[in-house]
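Notes follow the structure.
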Amino acid sequence: MLALIRTSIFVAVCTVLTVLYGTASLLLGGLSQVTRHRIIISWCRLVIALARWICGVKYEVIGRENLKGLDAPIVVLSKHQSTWETLYLQILFFPASTILKKQLLDIPFFGWGLRGLRPIAIDRDNPRDALRQVKAGGIQGIKDGLNIILFPEGTRMEAGERGKYARSGAEIAINSGAKIIPIAMNAGLYWPNKSFKKYPGTIRLVIGQAIESADKTSRDLTGEVETWIESTMATLPTQR
């Protein structure tokens with residue numbers, strides 16, 4: 001019951017913030033991309049902070065040292081269990097562009113803000129075109145100085161589950177010459193995918209060492225990323 005009450009308060013506050021930020025995002029057209037990005041990302045910071053203050057959803061980042069010395073844009077390939085990492089990774093890898101389904105952009109207020117982050121919006125009903133959009137958009141984003149965030153399993157997985165890893169992230173890295181940073185985390189324990197309630201606890205997010213993409217096939221590179229992520233997931237807590 002306490003988790004339900006705290007989550008209800010959290011959702012109410014976040015809804016107000018989303019309306020405010022979504023409306024404000026319509027007025028940012030004259031600003032530079034970086035400035036728009038920075039303003040909208042402050043919404044992500046607030047939501048992450050509110051989740052901690054109201055719901056007790058804390059987090060611990062392991063492996064920050066693996067980001068030192070990475071001057072060029074990178075491709076981030078992450079485990080995907082909840083909404084939490086879609087917000088936090090935008091903060092951690094600012095400025096970044098995320099691959100997402102285009103229907104999200106049509107959500108009032110929320111979608112308006114998303115547009116300001118220059119996402120790569122795809123149509124999942126047309127997989128062939130979606131794959132081309134991801135590759136072309138990712139390569140262009142790297143050229144424009146943006147980190148690219150992808151969830152290779154394609155959708156949120158329940159805690160403890162494992163999906164099929166797509167090769168699109170590896171192909172972007174290979175064609176752009178970018179390195180890959182793999183991410184493992186267990187956010188689904190505390191911010192479950194199919195549950196309204198958020199639960200107190202500490203999310204563990206692990207940043208892996210940069211993986212070189214040169215002279216590798218997309219199959220081999222994807223396999224290397226998958227092996228690291230899933231083996232690291234096996235070391236993280238699986239229960240609240």
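The values are calculated or read from the model by the stated rules, or taken from the named source; none is laboratory data. The model shown is predicted, which means the values in this text are computed figures rather than measured ones. Positions of Cβ are backbone-derived with ideal geometry, glycine not excepted, and every protein chain shown enters the neighbour counts. Just the protein is used for accessible areas: all its heavy atoms, side chains included, with ligands, DNA and RNA removed. Shrake-Rupley method; radii C 1.70, N 1.55, O 1.52, S 1.80 Å.
The local environment of Leu2, defined by Cβ-Cβ distances under 12 Å, has a net charge of +3 under the rule Lys, Arg +1 and Asp, Glu -1. For Val16, the solvent-accessible surface with a 1.4 Å probe is about 90 Å², rounded to the nearest 10. As a length-normalised measure over Cα pairs under 8 Å and 6 or more apart, the relative contact order of the chain settles at 26 percent.
Bridging of Lys194 to lysines at a Cα separation below 26 Å is possible for Lys58, Lys79, Lys101, Lys102, Lys164, once same-chain residues fewer than 8 apart are set aside.
The share of accessible area on the chain that comes from carbon and sulfur is 55 percent, using a 1.4 angstrom probe.
Work from the charge dipole of the chain (Cβ charges, +1 for Lys and Arg, -1 for Asp and Glu, about the Cα centre) and give the residue of Thr86, Leu146, Ile229 farthest towards its positive end. Result: Thr86, furthest along the dipole toward the positive end. For the stretch 1-133, what is the relative contact order in percent, using Cα pairs closer than 8 Å and at least 6 residues apart in sequence? Worked out over the stretch 1-133, it gives 31 percent. Local charge for Glu230 was computed over the other residues whose Cβ lies under 14 Å away, with Lys and Arg +1 and Asp and Glu -1, and equals -1. Average accessible surface for the chain: 49 Å² per residue, computed with a 1.4 Å probe over protein heavy atoms with every protein chain in place. Mean Kyte-Doolittle hydropathy of 1.6 or higher plus an axial Cα length of 30 Å or more: which whole DSSP H helices in the chain meet both? What comes out of the filter, once short or polar helices are dropped, is 2-25.
A Cβ-based charge dipole, computed about the Cα centre of the chain with Lys and Arg at +1 and Asp and Glu at -1, lands at about 600 debye.
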